[in-house]
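The values are calculated or read from the model by the stated rules, or taken from the named source; none is laboratory data. This one's a predicted model, so the numbers in the text were calculated from it and none came from an experiment. Cβ: placed from backbone, ideal geometry, glycine included. Neighbour counts: every protein chain shown. Note: accessible area is taken over every heavy atom of the protein model, side chains too, but ligands, DNA and RNA are not part of it. Shrake-Rupley method; radii C 1.70, N 1.55, O 1.52, S 1.80 Å.
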Amino acid sequence: MSTSPSPSPSATGARRGEGPSVRVGALVPLSRPGWVEAGRHVLAGLELAVDEVNGAGGIGGRPLELLVRDTAADPRRAAEAVEELAGLGVAALAGEYHSVVARAVAAGADAAGLPYLCTSAVLDALTDRPTPWVARLCPAQSHSWRVFAQFLLGAGHRRVAVVTQPSVYWASGARVLRECLAPHGGAVVEVDAAALCPAAVCGELVRREATAVLLLVGHPEPAVSLVRAVRGDRRLAGVLVGAPAGQPEFAEWAALLGGDGAGVPFLRYLPERLGPLGARVGAALRERLGGEPSFVAFEGYDTVAVLAEVLRSQGPDRARIAASWPHLAVEGTRGRIRFSREPGGSVWQWAWPPVQVVDRDPAAPGRLRVLHTG
């Protein structure tokens with residue numbers, strides 16, 4: 001787990017005696033059933049960037065202040081936090097990891113006329129209608145999961161099973177994979193993790209003759225139990241286990257699964273090599289977290305970098321911030337960030353951050369290997 005503590009006060013980054021702060025609301029999952037380790041990495045990136053902004057003079061001499069709220073992966077709780085933060089006068093919202101929660105944040109931001117820069121939630125339909133208020137740093141699911149499908153095809157997998165739980169996010173991912181594999185003679189078969197125990201899931205994988213199984217399920221459970229079951233079933237010795245949503249990225253995965261968690265491909269949004277800014281930020285994040293930063297920590301840093309740039313140029317006026325999304329060009333840790341409207345998209349989108357398919361090296365599970373780039 002990350003060593004970055006959850007903030008006991010709900011505001012970080014402000015300094016006394018420097019005039020009124022410029023406030024930004026940060027929404028992250030910091031308690032269960034949220035993906036806590038991912039939330040802590042997002043928050044570490046957000047806080048590091050805020051500290052650097054304030055160390056360089058803040059926003060026009062005013063400190064940047066982060067008002068942190070724990071969403072706990074609960075859309076209703078997130079919607080309430082948006083309403084509260086809007087009333088507290090924040091200039092913008094940032095953060096969130098879970099797509100279904102980010103949808104609630106985006107809907108609330110749109111209704112309140114409050115700019116929201118989504119850090120790490122990939123669901124394509126982030127809002128039900130086009131909105132000028134919401135922008136996103138991470139790639140849309142249809143883009144990144146197509147890259148994962150290309151990896152599967154390149155590795156010779158045409159019969160792919162997806163073990164799923166009920167969720168609009170998992171359903172969307174399965175649909176993307178099916179649409180990408182079908183033109184190449186591939187097929188995606190679904191296995192319901194909610195209806196079957198891990199041993200029964202293994203039986204279904206054998207019966208359906210899958211050469212690859214993708215875990216579209218929650219972490220740590222049932223993902224960990226499913227990996228153990230598949231790894232322990234001799235009938236499935238040659239089956240590839242994948243987790244495109246990124247569960248193996250975090251230290252908790254390796255701690256819980258050890259060698260069984262290696263060789264499980266997942267999506268990561270980092271370039272093959274970080275530039276000078278990325279390398280410097282990576283070192284600072286490593287020190288802050290007490291371990292390797294995940295890609296979501298870099299997403300957190302880039303979120304504040306973008307917001308700081310727009311706040312310096314536009315001030316804390318919400319309408320001017322939202323109007324500036326298509327005119328921004330900000331150097332981030334993973335490349336130059338610009339926003340555009342993708343065809344059919346409802347939010348301003350960075351098209352595109354770098355996308356990799358990686359896994360933990362079976363010979364050294366603490367090391368990540370790049371298997372494919374998109």
| message | Just want to confirm a number: the relative contact order over the chain, from Cα pairs under 8 angstrom separated by 6+ residues, in percent. | response | 19
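What order do you get for 75-87, 278-290 when each peptide is scored by the mean count of other beta carbon atoms within 10 Å, highest first?
On the way: 75-87: 18.4, 278-290: 16.8.
Going from most to least packed, we get 75-87, 278-290.
Could you sort Arg273, Arg336, Arg158 by their accessible area in this structure, using a 1.4 Å probe and putting the largest first? List each step's numbers first, then the result.
Details: Arg273 190, Arg336 120, Arg158 95 Å².
Ranking Arg273, Arg336, Arg158 by accessible area, largest first, yields Arg273, Arg336, Arg158.
What does the charge dipole of the chain about its Cα centre add up to, to the nearest 20 debye, if the Cβ of each Lys and Arg holds +1 and the Cβ of each Asp and Glu holds -1? Let's see the in-between values first.
Working: 38 positive and 36 negative charges, 117 e Å.
Its charge dipole is roughly 560 debye.
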| note | Computed about the Cα centre, the charge dipole of the stretch 146-265 from +1 Lys/Arg and -1 Asp/Glu charges at the Cβ has a magnitude in debye, to the nearest 20, of 400
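Please report, as a whole percent, how much of the solvent-accessible surface of the stretch 257-339 comes from carbon and sulfur atoms (probe radius 1.4 Å). Intermediate results must be reported in sequence, preceding the final value.
Details: 1560 of 3260 Å².
After summing per-atom areas, the C and S share lands at 48 percent.
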| remark: The helix 276-289 Cα axis meets the longest alpha-carbon principal axis of the chain at an angle in degrees, between 0 and 90 and rounded to 10, of 80
| query | If you add up the charges near Leu117, with Lys and Arg at +1 and Asp and Glu at -1, over every other residue whose beta carbon is less than 14 angstrom from its beta carbon, what do you get? | reply | -2
| query | Hey, what do the phi angles of the stretch 24-33 turn into as Karplus ³J(HN,Hα) couplings, whole Hz, using 6.51/-1.76/1.60 and θ = phi - 60°, x for Gly and Pro? | reply | 10, x, 10, 10, 8, x, 10, 8, 5, x
| task | Positive end of the charge dipole of the stretch 43-142 (Lys, Arg +1 and Asp, Glu -1 on Cβ, about the Cα centre): tell me which of Ala140, Gly45, Pro75 has its Cα farthest that way. | result | Ala140
| remark: Rounded to the nearest 10, the angle in degrees between the Cα long axis of helix 99-112 and the longest principal axis of the Cα atoms of the chain comes to 30
| field | Residue-averaged 222 nm ellipticity for the chain, from DSSP H runs of 4+ at -39500 (n - 2.57), nearest 500 | value | -12000 deg cm²/dmol
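Dipole size in debye (nearest 20) for the stretch 264-363 around its Cα centre, Lys and Arg Cβ +1, Asp and Glu Cβ -1? If you can, show how the numbers build up before the last one.
Numbers: 13 positive and 11 negative charges, 51 e Å.
Result for the stretch 264-363 is approximately 240 debye, rounded to the nearest 20.
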| message | Under the rule of at least 5 residues apart or a separate chain, name every residue whose amide H is placed under 5 Å from the amide H of Arg136. | response | Cys118, Trp348, Gln349, Trp350
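Determine, for each peptide in 185-191, 48-54, the mean count of other beta carbons within 10 angstrom over its residues, then list the peptides with the highest first.
Values: 185-191: 16.9, 48-54: 21.4.
The packing order, highest mean first, is 48-54, 185-191.
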| On a 0 to 90 degree scale, rounded to 10, what angle separates helix 141-154 from the longest Cα axis of the chain? | 30
| message | Keeping every protein chain present and rolling a 1.4 Å probe, give me the accessible area per residue for the stretch 76-117 in Å². | response | 33
| query | When only the heavy atoms of the protein chains count and the probe is 1.4 Å, how do Cys118, Cys180 rank by accessible area, highest first? | reply | Cys180, Cys118
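Let me check I've understood the local charge: for Ala351, count other residues with C-beta under 10 angstrom from its C-beta, Lys and Arg +1, Asp and Glu -1. What total comes out?
Numbers: positive: Arg136, Arg338, Arg341; negative: Glu342.
Residues near Ala351 contribute +2 overall.
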| field | Extreme residue, positive dipole direction of the chain, given options Pro276, Ala255, Tyr116 (C-beta unit charges) | value | Pro276
